[in-house]
Amino acid sequence: MKNIFLIIGFISLSTSIFAQTEVSKIENTLLNYINGTSYNRSALIEKAFYTNANLY
């Protein structure tokens, strides 16, 4: 579990330092969705979808 948080932290740090490419944007979206659904964090789930999407 600790390794997962380190990887997530590293990805977050690296994306804030370097310009985001299409691949890193996709990775960030997937991480938002996975972490949002795993830990029941609705704000992260909403970040993974289009801003005007209807989430039921």
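The values are calculated or read from the model by the stated rules, or taken from the named source; none is laboratory data. No experiment lies behind these values; they were computed from the predicted model shown. We place every Cβ from the backbone using ideal geometry, glycine too, and count neighbours over all the protein chains shown. Side chains included, ligands, DNA and RNA excluded: accessible areas come from the protein's heavy atoms. Shrake-Rupley method; radii C 1.70, N 1.55, O 1.52, S 1.80 Å.
Okay, here's what the table says:
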| item | result |
| --- | --- |
| Potential extension, Ile26-Ser42 segment - 0.36 nm per residue separation minus Cα distance | 3.9 nm |
| Extension gain, Ser12 back to Asn52 (0.36 nm per residue minus Cα-Cα distance, nm) | 11.9 nm |
| Surrounding net charge for Asn40, when Lys and Arg each add one and Asp and Glu each subtract one, Cβ distance under 15 Å | +1 |
| Probe 1.4 Å, all protein chains present, accessible-area order of Phe49, Phe5, largest first | Phe5, Phe49 |
| Accessible area (Å², 1.4 Å probe, nearest 10) - Glu46 | 110 Å² |
| Nearest-10 value in Å² for the accessible area of Thr51, using the 1.4 Å probe | 120 Å² |
